[in-house]
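Since the structure comes first, as structure tokens, the remarks are kept for the end.
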């Protein structure tokens, strides 16, 4: 239900039933993009918002810098209910000044509920498409209680909408770094075309995304460093003369428990491990990647290594320990990445307007 009021010849605006003008008290009026009036109290706006209320001439000028924000009644040249027109009630009461905001009714009606000292709306069932415009408005007008609730709700969409959450959270100065970091990590596993990245992401988000690509490459390359030339541990024999060189060759030809890389002498088993690495690198979902790392070396690959005709039973046992170690270290590196926001320092934070 809403109340119609006259906004000049040929135009009609409505009044929100939830924010109707009482007999006294309302002294600040906002009009939504779809011509709905909201009657608010300056005393609450002053204590619960940071920039919605133009408390100084400079602030009013800033709010009016966009045509959408000009106060109704600020320009007498028009009378059609659009920006610059005067809004009067049907009873021709004194003409109130209303500030036009670009948000629609459904956004402002929820947002203004956070201004008053009463139970705030429950946003837990809100869809992501509904949450984003509300969260944008809360950040834009610094409605602090709404900002906090929207940030909490934004967390639950990180897994399902990582790109959108990362892009959104990167826009605002002071947004919780743990939300930005978690969304960035999830987003970094996605295959995003560079041109799309450059066109749709804030500059600070782009630098974080590229930094995370380097981090992932480093993690996989270091933990899967199983090249045949990888040196053995210090306990391996070291040649001292031409005769000892011959002994060294024969010693390395058979994997020993002290070797750093027991796979260096078997191209077949090395190839199986590289297939596992390729599988993990190809997973474009962070949650699924974590699940696969926790599962460990795939059983079918382990069975294939056990059928190797080159490795001895002792070498096969050592290979099993080796791939288990890789899995454990991968899990530790990924877990550490989720707890560290150092990669966010690769970008400059957005400046607060």
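The values are calculated or read from the model by the stated rules, or taken from the named source; none is laboratory data. Computed from a predicted structure; not experimentally measured. All Cβ positions, even for glycine, are placed from backbone atoms using ideal geometry, and neighbour counts span all protein chains on display.
Pick from 286, 322, 297: which is surrounded by 15 or more Cβ atoms within 10 Å (Cβ to Cβ), assigned by TED's automatic domain parsing to the domain that holds residue 263, closer than 16 Å to residue 265 by Cα and in contact (Cβ under 8 Å) with a residue 24 or more places away in the chain? Outline the logic, then answer.
Working: 286 fails: closer than 16 Å to residue 265 by Cα; 297 fails: closer than 16 Å to residue 265 by Cα.
Answer to the selection: 322.
Quick test of your reading of the structure: residue 192 fulfils all but one of (1) within 14 Å of residue 139 (Cβ to Cβ); (2) part of a loop (DSSP other than H, G, I, E, B); (3) without any contact (Cβ under 8 Å) to a residue 60 or more places away in the chain. Name the failing condition by number.
Going through the list (1) within 14 Å of residue 139 (Cβ to Cβ); (2) part of a loop (DSSP other than H, G, I, E, B); (3) without any contact (Cβ under 8 Å) to a residue 60 or more places away in the chain, residue 192 breaks only (1).
Since residue 113 meets every condition but one in (1) surrounded by 19 or more Cβ atoms within 10 Å (Cβ to Cβ); (2) within 15 Å of residue 16 (Cβ to Cβ); (3) at pLDDT 90 or above, which condition does it not meet?
In the conditions (1) surrounded by 19 or more Cβ atoms within 10 Å (Cβ to Cβ); (2) within 15 Å of residue 16 (Cβ to Cβ); (3) at pLDDT 90 or above, residue 113 misses (1) alone.
Determine, yes or no, whether residue 156 is out of contact with any helix residue (DSSP H, G or I) (no Cβ under 6 Å at 6 or more places or on another chain), over 16 Å from residue 47 (Cβ atoms), surrounded by fewer than 16 Cβ atoms within 10 Å (Cβ to Cβ) and modelled with pLDDT under 95. Write out each step before concluding.
On the way: out of contact with any helix residue (DSSP H, G or I) (no Cβ under 6 Å at 6 or more places or on another chain): yes; over 16 Å from residue 47 (Cβ atoms): yes; surrounded by fewer than 16 Cβ atoms within 10 Å (Cβ to Cβ): yes; modelled with pLDDT under 95: yes.
So residue 156 passes the test.
Condition check: touching a helix residue (DSSP H, G or I) at 6+ places or on another chain (Cβ under 9 Å) and modelled with pLDDT of 80 or more. Does residue 226 satisfy that? Steps first, please.
Values: touching a helix residue (DSSP H, G or I) at 6+ places or on another chain (Cβ under 9 Å): yes; modelled with pLDDT of 80 or more: no.
No.
Given the criteria outside the structural domain of residue 333 (by TED's automatic domain parsing), exposed (fewer than 14 other Cβ atoms within 10 Å of the Cβ) and within 20 Å of residue 286 (Cα to Cα), does residue 194 qualify? Let's see the steps before the verdict.
Details: outside the structural domain of residue 333 (by TED's automatic domain parsing): yes; exposed (fewer than 14 other Cβ atoms within 10 Å of the Cβ): yes; within 20 Å of residue 286 (Cα to Cα): yes.
Taking the combined requirement at face value, the residue satisfies it.
Are there any helices (runs of 4 or more DSSP H) wholly within region 100-186 with 2 or more residues that are over 23 Å from residue 344 (Cβ atoms), and if so which?
Working: elements: 105-111, 128-141, 144-155, 162-169.
Ranges flagged: 105-111, 128-141, 144-155.
Sort out which residues of region 33-44 are closer than 15 Å to residue 101 by Cα and surrounded by 15 or more Cβ atoms within 10 Å (Cβ to Cβ), and write them in order of number. Spell out how you get there, then give the answer.
Narrowing region 33-44 to residues closer than 15 Å to residue 101 by Cα: 33-40.
Within region 33-44, 35, 36, 37, 38, 39, 40 qualify.
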